[in-house]
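In what follows, a structure is listed as C-alpha cells, so that the remarks can point back to it.
No lab work stands behind these numbers, since they all come straight from the coordinates. What you see is a predicted model; the values in this text were computed from it and never measured. A quick note on method: Cβ atoms are made from the backbone with ideal geometry, for glycine too, and the neighbour counts reach across all protein chains shown.
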Amino acid sequence: MTVISTTTDTDALTLTLVAEFAAPVEQVWQVWADPRLLEAWYCPPEFPATFTTYEFEVGGTAEYHATGPDGTRYPAWWTITAIEAPHRLEYTDGFADADGHRLDDPAPTRNTVTLETIGTGTRMTLLCRFDSLPHLKQIEAMGQEEGLSQAAAQIDGLLARASAGSGH
Amino acid sequence: MVVDQLSPAEVDRVFQALADATRRDILTRTLRGEQSVSALAAEYAMSFAAVQKHVAVLERAALVTKERRGREQLVRGHLPTVRRAAEVLAAYERIWRGRAARIAGLLNETGEAP
C-alpha cells in the first residue's frame, strides 16, 4: 500500500512529496542507485528514460534522455551533490540541448530524497526546489502524460498485488 | 496550454518577484481588491519609494497591473499569471506522483520473491 501526500508551496516554490512503500529502505534505495531500475520509473511509460551515464557518487554525473512517442529525444542530466546510502540522496536535475550540452537557463531543479524506516516499510520524502523552471513545454507535456500513466501504474500495482495472492 | 504563454525569462521574473515576503503580501492584498500605492505604503514599515519599487518588480513580472487615476496609482493583482505559476507547480506534482506510483509498482514486482 502506498500512501502519498504532496504539498506545493507557491511562495517558497517547493514541492514536497511523501510516499510510503511496503519494502525495506535498502530495496527502495536500489530503485535510485541502479540505473536499470531507475529507467523503469523516472519517466512516464510513454516517454521511457535511457540513462547513458550514471556515476552514483558525490559529484557524479548522470546523462539521460526521455524518448517521446514520435521518437523525439529530450536530453537531460543530473549532478549528484550528496549521498548517504541508504538514507539520503541530493541531486540537481536539468535539461540539455540536442548535443548534450547542459542548459543553465532555464535553471535546473534541486532535489533531496530522504528514506526512513517505518515499521516494515519505508517512507520516502522528496523535496523539490525551484529557483526558476525548466522547459515549460516539456514539463507541462510530461505533466499531462503523468495523469494517464499514473492511473496505469496504479492499476498495474493492483494487478500485481492481486496476482500475488492474499498478500500479507 | 496556458503555461506556454510564459517564456522562461517571464517565469524567472515571476519566481523572483514571489521570492520576497513583502511582495507576496502586496500581491495577496491586491488580489483581494484594488489598492493605491499610498494605501499599501501605509501597511509597511518602509518608505513609499521602497513599496513603489516592490510594486514595480511585481508589475514587471505581470503579477500586478498598475493604473494611474488622478493623483493615485492603483495596483491590482493579475490572477492569470498567479494561476500559471500554480499550474507549473501542479505539473511537477503530477510528475512526482507518477514517479512514486511507478516505484510502488516496481517494488511490488521485485518484492514478490519470498
- Message: At R0 = 35 Å, how high is the FRET efficiency between residue A:85 and residue B:16 if r is their beta carbon distance? Nearest 0.05 is fine.
- Response: 0.45
- Averaged across the residues of A:13-23, what count of C-beta atoms belonging to other chains lies within 10 Å of each residue's C-beta? 5
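Using per-residue counts of other Cβ atoms within 10 Å, averaged over each peptide, order B:43-54, B:18-29 from highest down.
B:18-29, B:43-54
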- Item | Distance cut-off 20 Å, percentage of C-alpha pairs in region B:2-110 lying past it | 48 percent
- Task: Give the calculated FRET efficiency between residue B:68 and residue A:127 to the nearest 0.05, with a Förster radius of 41 Å applied to their Cβ-Cβ distance.
- Result: 0.45
- Query: Taking the Cα-to-Cβ direction at residue B:109 and at residue B:9 and moving 7 Å from each Cα, how far apart do the two end points lie in nm?
  - Reply: 4.4 nm
- Message: Using the alpha carbons of region A:1-108, what is the convex hull volume per residue in cubic angstrom, as a whole number?
- Response: 131 Å³
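Mind giving me the FRET efficiency for residue B:76 and residue A:92? R0 is 45 Å, r the Cβ-Cβ distance, nearest 0.05 is fine. Mind showing how you got there, number by number?
Values: r = 37 Å, r/R0 = 0.83.
Approximately 0.75, to the nearest 0.05.
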